[in-house]
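Have a look at the structure below, then the notes.
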């Protein structure tokens, strides 16, 4: 049976629709099918790109930074030598308060009613000094007296009457009577004066007898003249003996009335005695009157530091003060770096007292701004020379450089020869 034209049209439309659907399914399926090479290309890591930073122009400064505790400098124990006293060493007054200041030339304590005067010096008092004493302790005393403005005469190792006079001035300015010499010396002076008076009387009598003989026109006055000569000689001897006695009776310096401390003034940290008590060993401890900060560093760092270097102390609250390294001393396996502020206001002193502060000590710095790159940008060639990689126009150029100061993760660099390196050039620091 032959199909009608209308039926044939329905069949063609149906076939066409099926073909269209099949084509769409095939295209969709084909889009999901790829070769192994295409798959590997799609899953491979992206091509590495350089990490760069610009060359900077900046000032570099190498420094030591650390934290340290503030304290009063150089604590010492103060002892009074009381072995020269003939009475028990009773504290009778001038007991200092903690926090007070020991001033050179002033009494820091009273024992048996007598002052203990503080002086700056290295040698301790180990004996009573008096006219005729000689030694390094005498030299130290005269140097101290001279420095304080009291004239001890020739500054040497001999205690003279000039030294005695200077000691008297020291006591007067401290507000005390000068020490009395030993009684035997004052008695010797009194006795020598009597002998001088007797010798003078003898001389007057001899002279009177000589005059009477001459007035009587005696032919021989040799006996009377001899008596005058003997009397004059006796008077000279008596006067010499008096001078010697007076020399020995000059103002002494008792061993119990002076204490030497290496440096003054100092702050009283602790008092070991009380009024009415007996001195036995240390009477007080004292430290430097100025606050310092002590930073502990290792041996390698200590080698880079020395006294006199500038420093900055960070007191917090955006407050900082300038200071200097006072000293660097070994302390066990470490080193103590003692830093002192140059000057402190009352408020800064309050902030620093007993605080733990940040200390910065510049070691070396560049003269103004220089070309600087991160240390990570530096590399070495086969010859060991330093270089940096500069990214220019999509290409990396190796620029040989001389490396200068390194600080805070940056290094000073100077291009070698005809190589060019400028502020803002991009240097490679990683990939």
(request) Inspect segment 266-286 for any residue being more than 17 Å from the chain's Cα centre (by Cα), over 30 Å from residue 85 (Cα atoms) and either free of Cβ contacts under 8 Å to residues at least 12 places away in the same chain or in a strand (DSSP E or B) (or both) and give the result as yes or no. (result) no
(request) Select from segment 352-384 the residues that are buried (at least 16 other Cβ atoms within 10 Å of the Cβ) and free of Cβ contacts under 8 Å to residues at least 60 places away in the same chain and list them in ascending order. (result) 378
(request) Determine whether residue 96 is outside any strand (DSSP E or B) and at pLDDT 95 or above. (result) yes
(request) Scan segment 185-203 for residues that are within 12 Å of residue 234 (Cβ to Cβ) and in contact with a helix residue (DSSP H, G or I) (Cβ under 8 Å, 6 or more places away or on another chain) and jot them down. (result) 195, 196, 198, 199, 200, 202, 203
(request) Please work out which one of (1) touching a residue at least 24 places away in the same chain (Cβ under 8 Å); (2) part of a strand (DSSP E or B) is the condition residue 110 fails and give its number. (result) (1)
(message) Of everything in segment 35-58, what is surrounded by 13 or more Cβ atoms within 10 Å (Cβ to Cβ) and modelled with pLDDT under 90? Give them in sequence order.
(response) 50
(message) Here is a list: 214, 193. Which entry is more than 30 Å from residue 122 (Cβ to Cβ), assigned to a helix (DSSP H, G or I), modelled with pLDDT under 95 and more than 53 Å from the chain's Cα centre (by Cα)?
(response) 214
(request) Would you confirm whether any residue within segment 129-137 is more than 27 Å from residue 245 (Cα to Cα) and either part of a loop (DSSP other than H, G, I, E, B) or modelled with pLDDT under 95 (or both)? (result) no
(request) Spot the failing condition for residue 336; the list is (1) within 21 Å of residue 62 (Cα to Cα); (2) modelled with pLDDT of 90 or more; (3) surrounded by fewer than 16 Cβ atoms within 10 Å (Cβ to Cβ), and only one is missed. (result) (3)
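The values are calculated or read from the model by the stated rules, or taken from the named source; none is laboratory data. Bear in mind that the values here come from a model prediction, so they are computed numbers and not experimental data. Note that each Cβ is placed from the backbone with ideal geometry, even for glycine, and that neighbours are counted across all protein chains shown.
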